[in-house]
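Below is one structure, written out as structure tokens, with a few remarks after it.
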Amino acid sequence: MASLKELRARIGSVKSTKKITSAMKMVAAAKLRRAQQKAEAARPYAVAMRRMLAELASAMAGQDGAPKLLAGTGGDRVHLLVPITSDRGLAGGFNSNINRRTRQTIRKLQAEGKIVKILPVGRKGADYLAREFSDLIVDRVIGVGGKELPFSAASDLGDKIVSLLEAGEFDVCTVIYNQFRNVMSQVPTPLQLIPLGLDDAAAAEPDANAAQYEFEPDEQTLLERLLPRNLQVQLYAAMLESAAGEQGARMTAMDNATRNAGKAIDRLSQTYNRTRQANITNELIEIMSGAQAV
Amino acid sequence: MPIKVEIISPEKVLVSRDVDMAVIPGEEGDIAAMPEHAPMMLLLRGGTVSLYEGETVTDRYFVAGGFADMTPTRCTILADQAVPVTEISIDSATARLEELTEAWDAADKSDVTRLDGLMAKIQSVRAEIEAGLPPE
């Protein structure tokens, strides 16, 4: 049986933990709102870009010499995985879900005889993967998951991936990120970026009767400029969703922690009161039996 | 009959409204987006987009390169970066120009793709400074 003093100290410490977790929850809620607004604001660009790509792809259908970003290198021997995690923890299963998913994917690809390379984004994923697959990591991007998350973060990452592709370092590039369903659930989702599956986009082509597009300077040049930009935009969208998901996950985790702390305080207070009562009863019995003996 | 112009940067939508004409800095020369213009897709250089209502320019935005998608009823400008001309910071643009000029001097003169990229950036920043200067 813990002494009253120990119990008091425990209660005090759980109370301050609860204060911290509930403050973190509030902060995460505010950041979540901002992250969601950002993700919302970035959507029109991605939509317009997809429309233009679809238009271009349909205009170029049948022509060969498609850029590597669209058609791939022709092989699928070397896979580049880009897991997106956060720089900070205390977000429930947010990062470990991505890490587990990445690990499974690596094992599966390796079992199929593919070569796997990793370019982790975010400290949590980089640290986890460095323990097991340090020889597979080609580069790492850390410290971009802050509240600002400018587009340049995504464009730098995109440039890095393109230069790796140009150098023939990989054939297939897949991002693994947390898709933001709602505050409670973020789903680890793989998204293949290179080669780009434009089939869906071309199929979504609205009406074939529309007047023929003119292109300036020409289709090939436009496509070569659009594709890297599209890669950056897709990465940006994934990073924004991941950022919103991180805050959502943290909010949920901290909500649970606050509730658990509340329960722990109730339980400890009850034990404390019982123990105190028992001590008083004991003392009374001792006094009374002492008085009787006299 | 107006045309719907949208200027979108990767981060947000800057403009989405109906105007009579929009003059866009195409890579091969300025081009005016008007209602009933044939569908067209073009590369942009760094320069200003001017929005016209009637004969007067109501708004001017600086875009640092990007793409434009014109159809008879709308004109979507995907800008790499976009700012209203009134908000251009000459100081920051001048600083960037200096950085780029240094990069140009330091660059390997045989690496043509890098030189091309740098030159496009330098011209874009020069256009930004020009656009940001107050009218005489």
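The values are calculated or read from the model by the stated rules, or taken from the named source; none is laboratory data. Everything numeric here is computed off the predicted structure, so don't read it as measured data. Cβ placement follows ideal geometry from the backbone for every residue including glycine, while neighbour counts extend to all protein chains displayed.
Which of the residues belonging to region A:251-294 are farther than 30 Å from A:Ser185 by Cα and either among the small types (Gly, Ala, Ser) or outside any helix (DSSP H, G or I) (or both)?
A:Ser269, A:Ala278, A:Ser289, A:Gly290, A:Ala291, A:Ala293, A:Val294
Please specify each residue of region A:117-136 satisfying the condition of being surrounded by fewer than 20 Cβ atoms within 10 Å (Cβ to Cβ) and more than 23 Å from A:Gly93 (Cβ to Cβ).
A:Ser134, A:Asp135, A:Leu136
Among the numbered criteria (1) within 14 Å of chain B (Cβ to nearest Cβ); (2) within 25 Å of A:Ala35 (Cβ to Cβ); (3) without any contact (Cβ under 8 Å) to a residue 24 or more places away in the chain, which single criterion is violated by A:Arg259?
Among (1) within 14 Å of chain B (Cβ to nearest Cβ); (2) within 25 Å of A:Ala35 (Cβ to Cβ); (3) without any contact (Cβ under 8 Å) to a residue 24 or more places away in the chain, A:Arg259 violates only (1).
For region A:149-192, name all the residues that are of a type in the set (A, V, I, L, M, F, W, C), out of contact with any Ser or Thr (no Cβ under 7 Å at 6 or more places or on another chain) and in a strand (DSSP E or B).
Looking only at region A:149-192, we keep the residues that are of a type in the set (A, V, I, L, M, F, W, C), and these are A:149, A:151, A:153-154, A:157, A:161-162, A:164-165, A:167, A:170, A:172-173, A:175-176, A:180, A:183-184, A:187, A:191.
This time we only want the ones that are out of contact with any Ser or Thr (no Cβ under 7 Å at 6 or more places or on another chain), so: A:149, A:151, A:153-154, A:157, A:161-162, A:164-165, A:167, A:170, A:172-173, A:175, A:180, A:187.
Hits for region A:149-192 are A:Val172, A:Cys173, A:Val175, A:Phe180, A:Val187.
Considering only residues that are of a type in the set (Ser, Thr, Tyr) and either modelled with pLDDT under 80 or under 21 Å from A:Met60 (Cβ atoms) (or both), which ones fall in region A:186-225? Give the steps one after another, and end with the answer.
Initial filter on region A:186-225 (of a type in the set (Ser, Thr, Tyr)): A:189, A:213, A:221.
Of everything in region A:186-225, those that are of a type in the set (Ser, Thr, Tyr) and either modelled with pLDDT under 80 or under 21 Å from A:Met60 (Cβ atoms) (or both) turn out to be A:Tyr213, A:Thr221.
Of the residues A:Val144, A:Val172, A:Val183, which single one is at pLDDT 90 or above and either hydrophobic (A, V, I, L, M, F, W, C) or surrounded by 14 or more Cβ atoms within 10 Å (Cβ to Cβ) (or both)?
The unique qualifying residue is A:Val172.
Given the options A:Leu81, A:Leu56, name the one that is within 14 Å of chain B (Cβ to nearest Cβ), in contact with a helix residue (DSSP H, G or I) (Cβ under 9 Å, 6 or more places away or on another chain) and crowded, with 23+ Cβ neighbours inside 10 Å. Can you show your working first?
Details: A:Leu81 fails: within 14 Å of chain B (Cβ to nearest Cβ).
Result: A:Leu56 is the single residue among A:Leu81, A:Leu56 that is within 14 Å of chain B (Cβ to nearest Cβ), in contact with a helix residue (DSSP H, G or I) (Cβ under 9 Å, 6 or more places away or on another chain) and crowded, with 23+ Cβ neighbours inside 10 Å.
Being touching a helix residue (DSSP H, G or I) at 6+ places or on another chain (Cβ under 7 Å) and acidic (Asp, Glu) narrows it down to one residue among A:Asp76, A:Asp135, A:Asp139; which is it?
A:Asp139
Would you confirm, using the coordinates I've provided, whether A:Ala41 is buried (at least 17 other Cβ atoms within 10 Å of the Cβ) and within 21 Å of B:Ile77 (Cβ to Cβ)?
No.
Check whether at least one residue in region A:218-228 is of a type outside the set (A, V, I, L, M, F, W, C) and outside any helix (DSSP H, G or I), and report yes or no.
Within region A:218-228, the first condition is being of a type outside the set (A, V, I, L, M, F, W, C), and the residues that meet it are A:218-221, A:224-225, A:228.
Filter once more, so that each one left must be outside any helix (DSSP H, G or I): A:218.
Yes.
In region A:1-40, what count of residues is obtained for those that are among the small types (Gly, Ala, Ser), over 19 Å from the mean Cα position of the chain (by Cα) and over 18 Å from A:Arg88 (Cα atoms)?
Initially, region A:1-40 is screened for residues among the small types (Gly, Ala, Ser), giving A:2-3, A:9, A:12-13, A:16, A:22-23, A:28-30, A:35, A:39.
Still in the list and also over 19 Å from the mean Cα position of the chain (by Cα): A:2-3, A:9, A:12-13, A:16, A:22-23.
Next, from what is left, pick out any that are over 18 Å from A:Arg88 (Cα atoms): A:2-3, A:9, A:12-13, A:16.
Summing the residues that are among the small types (Gly, Ala, Ser), over 19 Å from the mean Cα position of the chain (by Cα) and over 18 Å from A:Arg88 (Cα atoms) in region A:1-40 gives 6.
Being outside any helix (DSSP H, G or I), under 16 Å from B:Ala93 (Cβ atoms) and either β-branched (Val, Ile, Thr) or without any contact (Cβ under 8 Å) to a residue 12 or more places away in the chain (or both) is the filter here; which residues of region B:106-136 pass it?
B:Pro134
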